[in-house]
Each structure stands twice: as C-alpha cells, then as structure tokens.
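To start, the structure itself, in structure tokens.
The values are calculated or read from the model by the stated rules, or taken from the named source; none is laboratory data. A quick note: this is a predicted structure, and the numbers were derived from the prediction, not measured. Every residue, glycine as well, gets a Cβ built from its backbone with ideal geometry; the counts of neighbours run over all protein chains shown. All accessible areas refer to the heavy atoms of the entire protein, side chains included, with ligands and DNA or RNA removed. Shrake-Rupley method; radii C 1.70, N 1.55, O 1.52, S 1.80 Å.
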2 protein chains.
Amino acid sequence: MRKTVYLGPVPVGGGHKIVVQSMTNTKTEDVEATAAQIARLEKSGCEVARVAVPHEEAARALKALLERTTIPLVADIHFDWRLAEAALKAGVHGLRLNPGNMKDPDGIRKVVEEAGKRDVPIRVGVNAGSVDRKRFPRITPEAMVESALFHIRILEETGFDKIKVSLKSHDIPLTLESYRLFASLRDYPLHAGITEAGFGPSGLIRSAAGLSLLLNENLADTVRISLTGDPVQEVEAAYALLDALGLRRRGITLISCPTCGRTEIDLESMARSVKEELSEVTEPLTVAVMGCAVNGPGEAADADFGIAGGKQEGLLFARGKIIGKYPEEELVKRLKDVIMEELRRKR
Amino acid sequence: MRKTVYLGPVPVGGGHKIVVQSMTNTKTEDVEATAAQIARLEKSGCEVARVAVPHEEAARALKALLERTTIPLVADIHFDWRLAEAALKAGVHGLRLNPGNMKDPDGIRKVVEEAGKRDVPIRVGVNAGSVDRKRFPRITPEAMVESALFHIRILEETGFDKIKVSLKSHDIPLTLESYRLFASLRDYPLHAGITEAGFGPSGLIRSAAGLSLLLNENLADTVRISLTGDPVQEVEAAYALLDALGLRRRGITLISCPTCGRTEIDLESMARSVKEELSEVTEPLTVAVMGCAVNGPGEAADADFGIAGGKQEGLLFARGKIIGKYPEEELVKRLKDVIMEELRRKR
C-alpha cells in the first residue's frame, strides 16, 4: 500500500479513490479567465487543478485565484524557488517542482521547510523530454526513475516525505516500466499520465491505452489525461476511462453499437442526442442505444435504461423490463422522461 | 503460440503482425456505396473488411462486391445457413457466424464442409448481449467462453479447425477475463474488440483502454475498434492504438504537449495543421510539436522531426538537430518541406 498525501482535503494514495485532475491553459495572471476555467473544470468533476506559475506576475495572482476557487490548486513551478515560496505563502494546496533544477540549495531548503510546515505535498514530475541528457543519453526506465530519485533525495534529506511522483512520457512501454520500477523502490503516491499524447482521437487513444495499463496494475493514485485543447475534455476523458475500467462512475455511461448493414434507425444521431439530453446527470447510470434485434434487446435489458431499435421504431427498456414501443422520433424524449422521473423520485 | 488462419492472403494469428479490420455500415446490397466505403477503408490501412449479410439480397451482392474490392471480405451472418452457403459460393474470404444459432444441422454441415474445401475461416463471435440468458442468467467470463465453445464444438465435430474467436462486451474486466480464460483452453487465433463502446471520445477511450490490456497480454491477433460512425475512424483509431503500444506504425505519430500557461504560440492549430498537411504520409515518422522551453527541445530532438515553440517563433528539428529558427506562421510549411524532401530522397 502506498502512502497518502493530502491536497487540501483531497487524499491521494493509500487506496483512496483515484483522483481526477487537470491543468489550466489560461494565463494564470488572468485571474478572471483562470478562475472561470477552474469553475468549468470543477463542474465537469475535476478534483484538483494545476496552474502554471512561470513568473512573478503569475505567482502574485495565486492569492486572488485561491479566493475565487473551491477545489485544491497545485502550482507548477520550474527553476525558481522564489516562485515556489510565493505560491506557498499565497496558500496553494500542492506544488509541482523538481528541486534538482533549482540551483540554490538554501532557497530549496526554505521552500521545503515552508511546505512541511503547511502540510503541502510536492510532486516530483519527471518527463522524458526533460531528463538530463548529459547524464542519460538514452531514456530508459532506469534513467526516468534515477532522475526522479535525484530530485526526491533532495527532499528526503530534509526529512520531507509528502511526496508524489510522476514519470511521464509519450512512450507507453517506457512509461509502464518506469512506474513499475519506481513503485518497487518507494511507496510515494503516483500521479499518472501519458504526456505529449497529441490532440484529437490519437491523443485520447494513447492516453487511454497507457493509463489503462497503469491503472490495471494499480500504478496510479491520481490521473491527468493531457490533451491539447480545452482541459474540460481532459476531465471527461478521465472519467470515461475510470468508468470503462470499472474504477469510478460519474453520469451516463453510453453503450451503443457501431451500426452495420442491419441497422434500420439513425443510431448515431440518436446516441448523440441521448448523451446531450442527459449531460447534466451526475448519478452513474448505464444507457444502451442499440440498433438491431441481434444484440440489442440483451444489451438494452442489461443496462439501467435502454433503447433497442427496430424499423423506424424501438423498444424502451427500464431496469431490465420493456416499458413500451415508440416511433423513432419519440424514443429519446421518452427515455429522458423515464430517467428524470426515476432521479426525481430518488433525490 | 496460437494457430494461423488465412483470410485470403492475410495471415491472422501465429505471431503474425496484428491485423487491422473494420466493418462497413452501408447496405451491403448497395454495391456502389459499399465498394466505395471499402476502398476508403483500404486507403486508410484497413486489411480486412466485414460486411453484414442479413438477407438474400445482400448475399446476392457479394459477387459484384468481391469483383470491385481488393482486401479480403468477411460475411457476417446470423441464423440462416443458406446465406452462409451463398456467401461461400460468391467467394468471400471469411465467415462470421455462430453455428449453434442456425437451427438446421444438415445445413450447418454443408456450410462447414464448403468452408473447409475453400479454406475459408469461420469466426465464432460471442457478444455479451447475445449470450443465451436461459442457460446463463449472469454474464461471467465462464458464460462467455462456454457460449463460444458451444459453437466451436459444432465446428470441431466435423473436423473443421480454421476457427477464429471473439468474446466481446462493453465491460472491460469481463472481456479481459474471457479472453484470458479462452486462451488457456484453445489455441485458435483471437479477434479482439470492445463492442458497443459508444461514439465520440468515450467510445475511443473504452476501446483503447480495453484493447490495450488485451494487446499487452498478447490476447489479440486481429482488432476491430467498434465505433458508432464512419468506419474509417475505426481504422485510424486501430493504428493509433497499435502505434501507441509500439506494436505497429503507419504514418505520422504526432507528439504534442497539452499547452499550459507557459505556451506562447498557437500550439493546437499548429498541431492540427501538421497532422492535416502530413495526412498522406504512410511511412512511420514521429513529429513533435511542442509549446515551450521546458520539455520542448528534448522532445523535438528525440522525434524524427520537431518544432519547439518559443515566443511567436520556434526551432525546427530534423533527426535530432536544430536546422533553423522560423517565425510561427512559417514553421509548419518548413517542417513539411523538410519531411517531404527526405521522403523523396528515400523513395
């Protein structure tokens, strides 16, 4: 069992549920825009938000930002220990920094002491792209882990142990081996991600494929899916992944068949409108939208709610039972009514 | 090591490369539309196409379809052995059918004999949604595997062994356990997929997460990523997954960072235009499009080609070396020029 650290009230590690986090891509010093993005992230289920603090202006914005947000904030800092000290004094809930990259030992010591006093964890984050090439000409799992330990030892030497670790790369086999190796050496909680995964479908696929392997081997306590674009997508993707692996549920899990020559209804637009109509639901529910008589009725009956399409009409299922047969254009509305009615009764 | 079967010239199993397949969603009897879709699938790298044959009209179209397509075709048939016989006589390269669902033992015997004579493999495909609920009230890995073996034994009793098997569901832990169990009992090649994964990001994530676990344990010889929508996306997704896992490469692997408060260039649109501009490349190449000075230069130098962004400008890398610094608006064009020049020299 790995240790637990706390980002504000949120436990990470120690067998607690896997924490979903993301990172803002606004200018941190633009408090208005950053607070608004964090509010959108929180609404989508994000539990911890990270903000880049590349300069003093960003560090000065943290206090106002913390006053306007409710989920824990982590300040992402490189090279300059003064920014880390300022972030701590502003009240951030976590730091991400690699102490070995900060050239001033006294400065680092101050930061670590301050973090210790405030119970603020520090994540050491090694990325394949920033491993020291003079020491490690080839990026191997050993190089990734040794780079992390180099930073970690600086913290450990001061007695600080509120440490999280990430060992990210875009290379899945390298990432998997690095986490396996690290987990065999230290029991700090693990922040997992596949970095520089790219945007669009291939980015999602790379992240899901890599994190699936890490999660399946219990090598992740918190995840961030890094995607180029709106960070809300990162949170939605993280929940979709945790849901797919049976680890956490939030909102609608849509089961829909891929359509084929047997399909007699417009399944794709029906599936899309089901997802849209039910986007505000946070209760975990499985909804099947199926196109034909081969697998449709079985899946629709197994799901919490379901539609099994036929010829321009379909059967509506609720909790395993057929509750009606409706024309295609009415199906989604009927489905929504039945679901909202059940939720109202339960709330 | 599992057995090998052949779909036309394409080997599946036996340690051969993992075959990428998809399924058309046109009406099979619309030869024009189906042939056009198969041509698009082939262009995107699809190696085997499956078509639904739900009735005689579809079966009658197979001969014309086979004349107009070059990749092997698999006919997907349910319930009616006569359709399978017709598909074999038309010359299909594979069948997907569950003999236990065809109620006529003599008919089945004819189909299996004909398939044997023609060296045409039969895939037994169990879907969680179509498991016999009277026999198996709860869908467990044992129920999935026993359902498959029920169909397989009918084939084996006639001495037929050109068998492929799939055990699909939308439930990843169930799917993984089912494939593990089956692979411990029989050595037929495995067709892997997560079915009813849904559309859009969550469908991609579910498929990638599930197939990643199967591929990582060598439990897949051919994959289909089932997505609601254009099947060309299924093929692109399959290659993105195989690429991410280091199993097969095709075309551009884009490495791009998720953008953050440090980014000073419009990374997302740059990444998108790199992907678009290089979409015709089939040679495996890694291209990094990075936003800042922290991880950018390392990743850009490691990739075959790369851009490391700075303030409205960026460094261009080729084969690990900086080859120039260009303004933001020129970077993508310069990158493309360098890549196309190298490809011309090599071709």
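Considering only DSSP beta bridges where both residues belong to the range A:1-93, give the percentage that are antiparallel (nearest 5). Once the DSSP bridges in the range A:1-93 are tallied, antiparallel ones form about 35 percent. DSSP finds beta bridges in the protein assembly as shown, and of those with both partners inside it, around 30 percent are antiparallel. Sorted into 5 angstrom bins from 0, the C-alpha pair distances of the range A:218-347 split as 2, 11, 20, 21, 17, 12, 9, 5, 2, 0 percent.
Comparing B:Ile252, B:Ile108, B:Ile323 in a Gaussian network model of chain B, where Cα atoms under 10 Å apart are tied by springs, the biggest mean-square fluctuation is seen for B:Ile323. Within the accessible area of the range A:252-346, the carbon and sulfur atoms contribute 49%, probe 1.4 Å, all protein chains present. Axis of helix B:200-216 versus longest Cα principal axis of chain B: the two differ by about 70°, to the nearest ten degrees. Note that the range B:9-14 has calculated 3J(HN,Hα) couplings of x, 8, x, 10, x, x Hz, one per residue in order, obtained from phi through the Karplus relation 6.51 cos²θ - 1.76 cosθ + 1.60 (θ = phi - 60°); glycine and proline are x. Label separation (B:Ala33 vs A:Glu329): 2.1 nm, computed from points 7 Å beyond Cα along the C-beta direction. Interface area, chains B and A: about 5700 Å² of buried accessible surface, summed, with a 1.4 Å probe and ligands, DNA and RNA left out. Using R0 = 41 Å, the C-beta based FRET efficiency linking B:Thr282 and B:Glu142 works out to 0.45.
Model label points for A:Glu156 and A:Asn218, set 7 angstrom from Cα along the Cα-to-Cβ axis, are 2.2 nm apart.
Ligands, DNA and RNA are left out, and with a 1.4 angstrom probe the accessible area of chain B is 39 Å² per residue. Proximity of backbone amide H atoms, modeled 1.01 Å from N, is registered between A:Lys164 and A:Ile122, A:Arg123, A:Val124 at under 5 Å, excluding neighbours fewer than 5 places apart on the same chain. In this calculation the C-beta distance from A:Phe79 to B:Arg249 is compared with R0 = 22 Å, giving a FRET efficiency of 0.05. In this structure, B:Thr4 and A:Lys321 have a Cβ-Cβ separation that, at R0 = 45 Å, corresponds to a calculated FRET efficiency of about 0.45. According to the calculation over all Cα-Cα pairs in the range B:4-244, the P(r) per 10 Å bin from zero is 8, 34, 39, 18, 1 %.
Values of log10 I(q)/I(0) for the range B:22-89 across q = 0.22, 0.23, 0.24 Å⁻¹ run -0.84, -0.91, -0.99, by the Debye formula with one identical scatterer at each alpha carbon and no solvent.
May I ask which of B:Lys27/B:Lys168; A:Lys162/A:Lys275; B:Lys17/B:Lys168; A:Lys162/B:Lys321 have a Cα-Cα span longer than 29 Å here? In this structure, A:Lys162/A:Lys275; A:Lys162/B:Lys321 lie more than 29 Å apart at Cα. Taken over the range A:57-134, lysine pairs spaced eight or more positions apart, or on distinct chains, with alpha carbons under 24 Å apart number 8. Compute the long axis of helix A:31-43 from its Cα atoms, compare it with the longest principal axis of the Cα atoms of chain A, and write down the angle in degrees, 0 to 90, nearest 10. Taking the Cα atoms of chain A, the angle to A:31-43 is about 50 degrees. With 10 Å² as the minimum drop in accessible area between chain alone and full protein complex (1.4 Å probe), the qualifying residues in the range B:37-66 are B:Ala52, B:Pro54. Place a point 7 Å from Cα of B:Asp187 in the direction of its Cβ. Which residues in the range B:3-41 have their backbone N less than 14 Å from it? Under cut-off, by backbone N: B:3-5, B:13-16.
When the convex hull of the Cα atoms of the protein assembly as shown is projected onto a plane and the area is averaged over all directions, what value comes out in nm²? With the hull built on Cα positions only, its mean projection is 30.8 nm².
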